[in-house]
Every structure is written in C-alpha cells, then in structure tokens.
1. Taking a point 7 angstrom from the Cα of ASP54 along the C-beta vector, which residues in segment 1-44 have backbone N less than 19 Å away?
2. Starting from the Cα of SER22, step 7 Å along the direction of its Cβ; do the same at LEU37; then give the gap between the two resulting points in nm.
3. Looking at (i) 63; (ii) 53; (iii) 49, which value of percent of Cα pairs over 14 Å apart comes from a calculation on the structure shown?
4. Based on DSSP loop calls and a cut-off of at most 12 other Cβ atoms within 10 Å, the longest stretch of the chain free of exposed GluC sites (Glu not before Pro) is what?
5. Would you calculate the separation in nanometres between label points at ARG8 and GLN44, each defined as 7 Å from the Cα along the Cα-to-beta-carbon direction?
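Only the coordinates and a few stated rules stand behind these numbers; no lab work does. Please read all numbers here as calculations on a predicted model, not as lab measurements. For neighbour counting, all protein chains shown are included, and Cβ atoms are generated from backbone atoms with ideal geometry for every residue, glycine included.
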Amino acid sequence: MQPSRWTRLIEYLQGELAVPKSAIVFALKHCEEKLNLLPIVLWQYGLVTLEQLDQIFDWLETSEA
C-alpha cells in the first residue's frame, strides 16, 4: 500500500525541512480535520518560515495526488 499524500508531506516536513515532530503534532491539532490547512497553520504559529512555506507549496504542487 502506498503512503497517502499527507503521510508523504509529513515525511517531507521532517526529512527535508527538519520540522520537529512536536511542531507537526501541534499544527495537526489546530487544523480541525482539514489537513490542507497544515502548511498555513505551521506558518501561522511560526513553526516554519515563509521560505519554507513556499517550499511546501512547491512540493504539494509537484507531488502526485
């Protein structure tokens, strides 16, 4: 079974951008079941920079659904 897009995004955040797991867990709790808000929530709470947010959006744009 292939990992979901959101699982791959979390792996990207941890592996490529070095976002701590605790930051991802925090942001997931604040997404209110809307995973597409994860990048914005990470940025809103200062857990990723604006540059990293751009990288996340680039990754989302080029990753397979």
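1. Only 13, 16-19, 39-44 pass the distance filter.
2. 2.4 nm
3. The calculated read-out lines up with (ii).
4. Longest run free of exposed loop sites: 34-63.
5. Distance between the two pseudo-spin positions: 2.6 nm.
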